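The values are calculated or read from the model by the stated rules, or taken from the named source; none is laboratory data. Remember, predicted model here, so these are calculated numbers, not experimental data. Positions of Cβ are generated from backbone atoms using ideal geometry, with glycine treated the same way; all protein chains shown enter the neighbour counts. Heads up: the accessible areas ignore ligands, DNA and RNA and are worked out on the full protein's heavy atoms, side chains in. Shrake-Rupley method; radii C 1.70, N 1.55, O 1.52, S 1.80 Å.
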Amino acid sequence: MNFDYDSEQNDLREAVRGLLARSYSDSEQRRSVVAADPGFDEKTWSRLAEMGLLGLPFTEEDGGMGAGPVEVAIVAEEIGRVLAPEPFIETVVLAGGLVAAVGTAEQKGEILGGIAEGTTIAVFAHAEPGTRWTPTAEGVTATRSGDGWTLTGVKEPVPSGARADVLVVSAVVDGGTGLFLVQGDASGLNRTGYRTHDGTRAANVRFEGTPAVTLGAGGDQTAAIERALAEARIAYGHEAIGAMDTALRTTAAYLKTRKQFGVTLNKFQALTFRAADMYVSLELARSTALWASMVQEAGGDVVQAADRARLQVSRAGRHIGKEAIQLHGGIGVTAEYSVGHYTSRLTAIDHLLGDGDWAADRLAANVASYETVDPLGAPYA
Amino acid sequence: MRLQLSPELEAFREEMRTFFTTQVPQEIRDTVAAHRHVSKEQYVKTQRVLNAAGLAVPHWPVEWGGKDWTPLQRHIWREEMQLANVPEPLAFNTSMIGPVIATFGNQEQKERFLPKTANLDIWWCQGFSEPDAGSDLASLRTTAVRDGNDWVVNGQKTWTTLGQHADWIFCLVRTDPTAEKKQRGISLLVFPMDSPGVTLRPIELLDGGFEVNEVFFEDVRVPADDLIGEENRGWDYAKFLLGNERVGIARVGTTKRMLAQAKEHAREITVGGRPLSEDPRMAARIAELENELVALELTALRVVANSADGKPHPASSVLKLRGSELQQAATELFVDIAGPLSLASFAGEGSDVPEWARVATPHFLNYRKVSIYGGSNEVQRTIIAGSILGL
């Protein structure tokens with residue numbers, strides 16, 4: 001049992017940090033990137049591909065690096081640290097994860113290969129207006145049409161949905177929720193993209209008899225979706241840890257330099273105690289996120305581990321995000337200064353795949369079925 | 001990174017679990033489980049059982065009964081002890097004065113005190129806090145003045161836990177009132193509690209119990225040989241000792257046990273025809289506390305698995321802070337599950353209220369102490385803000 005990165009993992013972290021620093025060494029660079037479509041930097045995306053990061057979790061056979069969840073977590077945390085807007089988790093972890101889990105050999109070769117090379121942006125079109133955080137589809141339905149299928153209905157908001165080259169779409173089929181692939185240039189596909197509060201992009205994606213092919217063998221894929229969502233929750237948890245870490249460091253630095261009443265703000269215990277509490281929240285969330293990645297690596301119950309990480313990270317993210325702005329004062333609410341953007345992104349992460357209350361409810365439904373939790377024992381290890 | 005314990009550590013955990021659940025008398029473990037006060041005899045009995053098996057002072061130097069375990073092994077030892085409702089070896093002996101004597105004492109003091117300290121043949125108490133020196137411990141005013149071969153001690157200590165059982169006291173005294181820094185003129189003396197001039201006055205706490213005391217010193221004569229370490233270096237030893245006090249203070253095993261009990265009790269209370277355990281708000285509250293505890297346990301594991309270079313892990317400072325908050329939250333949960341039954345706090349025989357509900361509020365009130373002792377949570381925040389965040 002240990003929580004430390006090995007030397008290769010430390011090297012990976014340094015390499016990713018160095019790569020992202022080229023694009024996002026200050027918050028102005030990020031601001032100009034997210035101001036224009038597609039909301040991220042295609043050059044940075046290519047560099048991520050060149051370093052092999054876009055194929056990190058895929059098998060070598062599928063064009064990837066065969067790395068594990070801990071390596072993915074390292075990249076996600078560095079992304080969060082500088083708020084890099086590239087859709088790494090959306091494309092590699094979530095859409096890529098679904099293709100890797102249920103796709104045919106041919107689909108894996110083509111789509112995962114394309115993702116790894118940086119030539120294919122794939123996203124999971126799953127959320128629907130009026131529902132929330134379920135592993136099933138309700139408003140988009142799939143209908144057989146000759147040898148293939150057509151999809152009808154609306155998905156929204158779909159992260160990077162307008163830019164995506166390929167959509168992995170969940171849709172109602174007989175007996176459950178199926179997964180389908182839709183090409184970005186398919187007929188009957190209408191996409192309206194927009195900017196989101198955290199600087200990324202999302203879209204309304206409308207299917208009107210849009211041709212689609214099943215991902216993998218077809219049939220009900222609810223369990224695969226639940227698992228892929230859990231893995232993405234863990235990865236977003238690490239992105240949030242990176243963002244919280246920067247938000248806290250930025251806040252501490254500000255308290256040491258900003259003067260009011262003739263002294264720097266760190267002379268006020270009312271402020272330093274609140275910063276100390278932010279540190280407590282961060283470290284508890286970090287431990288839980290690291291653990292969830294280890295559970296995933298060990299083949300334990302990744303869904304339940306992800307719920308635990310989601311709850312802890314959600315509470316910490318709200319606490320740290322709100323306090324980071326408050327301890328800065330008015331400048332924290334401006335678009336020009338960095339710290340508020342961290343709060344904005346943490347808020348987005350919190351609502352993408354389930355918030356803290358949602359995770360707490362899921363854990364509560366199960367709480368009577370066991371006596372104590374052993375994080376190093378069943379069902380986690 | 002690796003989640004599982006090694007097979008050797010799994011076996012070690014199993015060995016600890018088996019020992020604690022089979023070798024420590026059930027009656028003593030039941031006392032702890034029921035949150036009743038553990039008697040002096042029960043503490044002594046338990047520590048001697050542990051010491052006979054080499055499990056009372058594993059963190060001491062090997063020549064004095066230590067085990068040369070890794071920090072992770074010590075963590076497992078402590079967690080399993082708490083999960084099994086075993087009263088921990090007396091902290092004043094095993095975590096405080098024992099390691100100080102082993103590190104800073106002379107050979108004669110080590111031979112004289114350490115074996116008896118490990119076996120609880122000597123019961124130690126702590127003479128640190130004073131009425132005007134709480135969190136600001138260095139401002140203590142109890143004095144020791146040299147007179148021939150003796151120190152003559154005058155002054156007062158307070159919050160001396162279980163001093164009523166104690167044979168000896170380790171006491172911070174001011175030996176150089178002229179020192180420029182107040183931390184500089186302090187020494188550590190040890191002397192018997194039945195020395196002429198020592199008076200103990202019990203302090204009743206909110207739960208009706210007596211666990212802390214005031215101790216008064218009037219011309220108490222202490223042989224110069226009973227000064228530990230060097231004269232006027234007592235503050236260094238106190239810091240060393242308080243550092244040990246924070247080890248294991250997260251008390252994850254204890255809180256985990258309490259949450260498991262809370263689930264049981266919530267099944268015994270009926271609300272609107274259904275067990276309270278099925279109330280969504282109650283279930284969510286328990287689930288949330290349990291998750292906070294998982295986060296704390298993982299943080300403790302992160303810290304102990306990474307103490308290789310000997311420096312304390314920065315995250316160790318959150319253990320006391322969050323650990324105390326969660327202990328308190330668990331005791332509060334008991335009161336809320338008991339609801340109106342919690343009022344029967346001092347009911348005796350003839351009451352239909354179950355014992356757990358009777359002790360719930362006294363326990364809750366008593367546990368307000370855990371965020372105050374061992375460096376109050378405000379002291380912990382000061383440490384985090386200062387040494388970690390650089391504020």
Among the residues of region B:160-195, write down those that are closer than 27 Å to B:Tyr43 by Cβ and open to solvent by 30 Å² or more (accessible area, probe 1.4 Å). B:Thr161, B:Gln164, B:His165, B:Asp167, B:Trp168, B:Pro192, B:Asp194
Failed condition for B:Glu278, given (1) within 26 Å of B:Glu79 (Cβ to Cβ); (2) facing chain A (nearest Cβ under 9 Å); (3) not hydroxyl-bearing (Ser, Thr, Tyr), with all others met? (1)
All conditions in (1) open to solvent by 20 Å² or more (accessible area, probe 1.4 Å); (2) within 14 Å of chain B (Cβ to nearest Cβ) are true of A:Val33 except (2)
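Within the bounds of region A:277-284, is there any residue that is in a helix (DSSP H, G or I), facing chain B (nearest Cβ under 10 Å), of a type in the set (Phe, Trp, Tyr) and open to solvent by less than 10 Å² (accessible area, probe 1.4 Å)?
No: region A:277-284 contains no residue that is in a helix (DSSP H, G or I), facing chain B (nearest Cβ under 10 Å), of a type in the set (Phe, Trp, Tyr) and open to solvent by less than 10 Å² (accessible area, probe 1.4 Å).
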Test each condition in (1) within 11 Å of chain A (Cβ to nearest Cβ); (2) among the polar types (S, T, N, Q); (3) in contact (Cβ under 8 Å) with a residue 12 or more places away in the chain for B:Asn306 and report the one that comes out false. (3)
Keeping to region A:334-381, report how many residues are more than 24 Å from the chain's Cα centre (by Cα) and of a type in the set (Val, Ile, Thr). 4
Filter result for the condition that a residue is touching an Asp or Glu at 6+ places or on another chain (Cβ under 9 Å) and touching a residue at least 24 places away in the same chain (Cβ under 8 Å), over A:Ala298, A:Ala285, A:Ala324, A:Ala275: A:Ala275
If you go through region B:344-357 one residue at a time, do you hit one that is in a helix (DSSP H, G or I) and polar (S, T, N, Q)? no
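When only residues in region B:262-300 that are assigned to a helix (DSSP H, G or I) and surrounded by fewer than 16 Cβ atoms within 10 Å (Cβ to Cβ) count, which is nearest to the chain's Cα centre (by Cα)? Don't jump to the end; show me each part of the working.
Restricting attention to region B:262-300, the residues satisfying the condition of being assigned to a helix (DSSP H, G or I) are B:262-268, B:276-278, B:280-300.
If we keep only those that are surrounded by fewer than 16 Cβ atoms within 10 Å (Cβ to Cβ) too, we end up with B:264, B:267-268, B:278, B:280-281.
Working: B:Glu264: 27, B:Arg267: 31, B:Glu268: 32, B:Glu278: 35, B:Pro280: 35, B:Arg281: 33 Å.
Checking each candidate, the answer is B:Glu264.
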I'd like to check which helices (runs of 4 or more DSSP H) are fully inside region A:34-141 and have at least 3 residues that are of a type in the set (Val, Ile, Thr). A:69-82
In the set A:Ala95, A:Ala101, A:Ala21, A:Ala15, which member is under 28 Å from A:Ala212 (Cα atoms), among the small types (Gly, Ala, Ser) and surrounded by fewer than 21 Cβ atoms within 10 Å (Cβ to Cβ)? A:Ala101
Those strands (runs of 3 or more DSSP E) completely within region B:107-159 that have 2 or more residues that are surrounded by 23 or more Cβ atoms within 10 Å (Cβ to Cβ) and touching a Leu at 6+ places or on another chain (Cβ under 9 Å) are B:124-127, B:150-157
Scanning for something over 25 Å from B:Gln82 (Cα atoms) and of a type in the set (Ser, Thr, Tyr), does region B:269-282 turn up at least one residue? yes
Residue among A:Val313, A:Val339, A:Val333 that is surrounded by fewer than 18 Cβ atoms within 10 Å (Cβ to Cβ) and more than 9 Å from every other protein chain (Cβ to nearest Cβ): A:Val333
I'd like to know if region A:105-122 contains one or more residues that are open to solvent by less than 40 Å² (accessible area, probe 1.4 Å), among the polar types (S, T, N, Q), closer than 22 Å to A:Arg201 by Cβ and touching a residue at least 24 places away in the same chain (Cβ under 8 Å). yes
Would you check if there is a residue in region B:23-40 being assigned to a loop (DSSP other than H, G, I, E, B), of a type in the set (Asp, Glu), open to solvent by 20 Å² or more (accessible area, probe 1.4 Å) and under 18 Å from B:Gly253 (Cα atoms)? no
Residue count for region A:289-306, restricted to those that are open to solvent by less than 10 Å² (accessible area, probe 1.4 Å) and either under 17 Å from A:Trp358 (Cα atoms) or more than 7 Å from chain B (Cβ to nearest Cβ) (or both): 6
Filtered residue count, region A:252-267, keeping only those that are closer than 21 Å to A:Gly321 by Cβ and in a loop (DSSP other than H, G, I, E, B): 1
With respect to B:Ala385, determine if the residue is farther than 29 Å from B:Ala284 by Cα, assigned to a helix (DSSP H, G or I) and open to solvent by less than 30 Å² (accessible area, probe 1.4 Å). yes
Failed condition for B:Ser139, given (1) within 17 Å of B:Arg233 (Cα to Cα); (2) touching a Cys at 6+ places or on another chain (Cβ under 8 Å): (2)
Out of A:Arg144, A:Arg163, I need the residue that is part of a loop (DSSP other than H, G, I, E, B), among the charged types (D, E, K, R) and either without any contact (Cβ under 8 Å) to a residue 24 or more places away in the chain or open to solvent by 10 Å² or more (accessible area, probe 1.4 Å) (or both). Which one? A:Arg163
